[in-house]
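One structure below.
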Ligand SMILES: Cc1cc2nc3c(=O)[nH]c(=O)nc-3n(C[C@H](O)[C@H](O)[C@H](O)COP(=O)(O)OP(=O)(O)OC[C@H]3O[C@@H](n4cnc5c(N)ncnc54)[C@H](O)[C@@H]3O)c2cc1C
């Protein structure tokens, strides 16, 4: 059988069950599709793919291309709509099968359906490579996924000691050859911009695996993670695995297994457990997105809870540009705009201010994150935003952080605010017009 392997959010050779299945072929065409719609404004005025995300993704693709060559393969990068590109390649190369990883997100599901409809005689298969568990090894049917994370965690932990590790697969070292190699149109892809702040994130499988080794066995950051994970801006305060996990350069099962190795060989404590615990949050949102489908993007969330929120363009712009009345929020938003990354604590604070102080519709904040974050992940992003907006997986409702208290606790010397220019010269207040709609100067 000849197969098209569609790389998506699994840009790796290690622990890739979908690629392994695709490799059971005589000929194999490896494809990644860059969708031009990623670079056009969506319904919430943001792009799907901002400069930082695009740079990181491109680095990851180049790294994948380098890894594929020694195993006898190449990466075909096409610029176009997947629902057209994939069927066209299947016909041109007379392929009998299309394989990809299963993805959360409604757009992704619709594209897969469209491809299947256009290829009625082709076997189309998906494999679960983004998660710790597969649907059949989850400790409950997907429809019964609990409404809260803690119920989910308890069920997972009841089933035994991190049984997902057993699913991890070692990818073999040679792949079938490609069926000739089509000329690709990668030259049509948007150019890569140079970052204002060249950060420490570099896309690709090797860099992701190196960060795993570094955080565990070199710096032993994992051993004190529980105490440091809420810091706002230090590289080793948290794992920084998220960008590599988001586009699959790093397998989450590889991370889980390596945590297990660390616990056996070095130390096992509350911190090592906590890193696993955070991976479970990611896992929960993955299944949550698959269970709830379109409700992930609804303003009233999966809870169908109406919350007053409107759209104030000037407040939205001020928040995106780091120009609000809240220095801590501004600093974090500047960091995001300049680097494509923000710590978990800062994400919680800026989202809380967006929803509570600025009284904006949370979906616009989520859309800005989608454009900016190099670790953007549809399930974790929209799941966390819903959670904080009180319409998602949190029975306690709206989460509001006291920004002054948070600044005193996490940035007592104001170092973070200073480093990222949080003191805006002319911050935009909540109201730009008075009660009679006259502009306030
Ligand atoms: C409003 C909001 C939006 C977010 N959007 C994203 C997103 O688009 N992509 C993304 O990967 N994470 C998202 N997160 C979760 C979290 O902020 C990041 O995963 C984390 O900051 C990444 O840094 P790290 O890898 O050093 O995390 P660590 O603290 O080292 O955690 C280890 C891993 O656990 C997972 N994890 C940790 N916290 C969470 C969480 N709250 N939810 C889901 N997974 C978690 C991540 O995969 C992370 O890499 C969001 C959080 C909030 C509050």
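The values are calculated or read from the model by the stated rules, or taken from the named source; none is laboratory data. Remember, predicted model here, so these are calculated numbers, not experimental data. We place every Cβ from the backbone using ideal geometry, glycine too, and count neighbours over all the protein chains shown.
Scanning region 315-338 for residues that are buried (at least 21 other Cβ atoms within 10 Å of the Cβ) and over 23 Å from the mean Cα position of the chain (by Cα) yields a count of 6. Taking (1) surrounded by 15 or more Cβ atoms within 10 Å (Cβ to Cβ); (2) closer than 23 Å to residue 251 by Cα; (3) more than 22 Å from the chain's Cα centre (by Cα) in turn, residue 108 satisfies each apart from (3).
Each residue in region 273-294 was checked for being over 18 Å from the mean Cα position of the chain (by Cα) and either closer than 21 Å to residue 143 by Cβ or not assigned by TED's automatic domain parsing to the domain that holds residue 255 (or both), and 0 of them qualify.
Residue 294 fulfils the conditions (1) farther than 19 Å from residue 375 by Cβ; (2) crowded, with 24+ Cβ neighbours inside 10 Å; (3) in contact with a helix residue (DSSP H, G or I) (Cβ under 6 Å, 6 or more places away or on another chain) except for a single criterion, (2).
So that you can scan it fast, the table gives a plain yes or no per residue for (1) modelled with pLDDT of 95 or more; (2) farther than 28 Å from residue 3 by Cβ; (3) not in a helix (DSSP H, G or I):
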residue: 45; (1), (2), (3): no, yes, yes
residue: 55; (1), (2), (3): yes, yes, no
residue: 59; (1), (2), (3): yes, no, no
residue: 62; (1), (2), (3): yes, no, no
residue: 70; (1), (2), (3): no, no, no
residue: 78; (1), (2), (3): yes, no, yes
residue: 84; (1), (2), (3): yes, no, no
residue: 87; (1), (2), (3): yes, no, no
residue: 91; (1), (2), (3): yes, no, no
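Would you check which residues across region 93-117 are within 15 Å of residue 31 (Cβ to Cβ) and not in a loop (DSSP other than H, G, I, E, B) and list them? Passing the criteria: 97, 98, 99, 100, 101, 111, 112, 115. Taking the stated definitions as given, is residue 270 surrounded by fewer than 18 Cβ atoms within 10 Å (Cβ to Cβ), within 15 Å of the ligand (Cβ to nearest atom) and either under 25 Å from the mean Cα position of the chain (by Cα) or not assigned by TED's automatic domain parsing to the domain that holds residue 390 (or both)? In short, yes.
Residue-level check: of (1) assigned to a loop (DSSP other than H, G, I, E, B); (2) at pLDDT below 95; (3) touching a helix residue (DSSP H, G or I) at 6+ places or on another chain (Cβ under 6 Å), residue 303 misses just (3).
Taking the stated definitions as given, is residue 314 more than 14 Å from the ligand (Cβ to nearest atom) and in contact (Cβ under 8 Å) with a residue 60 or more places away in the chain? Judged against the criteria, residue 314 is a match.
For region 198-231, the candidate set comprises residues that are closer than 21 Å to residue 346 by Cβ, away from the ligand (no atom under 11 Å from the Cβ) and part of a loop (DSSP other than H, G, I, E, B); within that set, the residue that is modelled with the highest pLDDT is 200.
Residues that are more than 18 Å from residue 70 (Cα to Cα) and surrounded by fewer than 21 Cβ atoms within 10 Å (Cβ to Cβ) were ranked within region 10-23; the one that is farthest from the chain's Cα centre (by Cα) is 21. The requirement of being surrounded by fewer than 12 Cβ atoms within 10 Å (Cβ to Cβ), modelled with pLDDT of 90 or more and either on the phi < 0 side of the Ramachandran plot or not in a loop (DSSP other than H, G, I, E, B) (or both) is fulfilled somewhere in region 413-421, by at least one residue. Return a yes/no flag: does region 167-175 have any residue that is assigned to a helix (DSSP H, G or I), crowded, with 16+ Cβ neighbours inside 10 Å and touching a residue at least 12 places away in the same chain (Cβ under 8 Å). Yes, because at least one residue in region 167-175 is assigned to a helix (DSSP H, G or I), crowded, with 16+ Cβ neighbours inside 10 Å and touching a residue at least 12 places away in the same chain (Cβ under 8 Å).
Scanning region 256-267 for residues that are more than 12 Å from the ligand (Cβ to nearest atom) and free of Cβ contacts under 8 Å to residues at least 60 places away in the same chain yields 258, 261, 262, 263, 264, 265, 266, 267. Of all residues in region 273-294, those satisfying the criterion of being more than 8 Å from the ligand (Cβ to nearest atom) and either more than 18 Å from residue 160 (Cα to Cα) or touching a strand residue (DSSP E or B) at 6+ places or on another chain (Cβ under 7 Å) (or both) are 286, 287, 288, 289, 290, 291, 292, 293, 294. Has region 176-194 got any residue that is surrounded by 12 or more Cβ atoms within 10 Å (Cβ to Cβ), within 30 Å of residue 420 (Cα to Cα), in contact with a helix residue (DSSP H, G or I) (Cβ under 8 Å, 6 or more places away or on another chain) and not assigned by TED's automatic domain parsing to the domain that holds residue 88? Yes, that holds for at least one residue.
Residues in region 389-402 that are surrounded by 23 or more Cβ atoms within 10 Å (Cβ to Cβ) and either outside any loop (DSSP other than H, G, I, E, B) or within 12 Å of the ligand (Cβ to nearest atom) (or both): 389, 392, 393. Please work out which residue is surrounded by the most Cβ atoms within 10 Å (Cβ to Cβ), limiting yourself to region 339-373 and to residues that are within 9 Å of the ligand (Cβ to nearest atom) and not in a helix (DSSP H, G or I). So, considering only residues that are within 9 Å of the ligand (Cβ to nearest atom) and not in a helix (DSSP H, G or I), the one surrounded by the most Cβ atoms within 10 Å (Cβ to Cβ) is 342.
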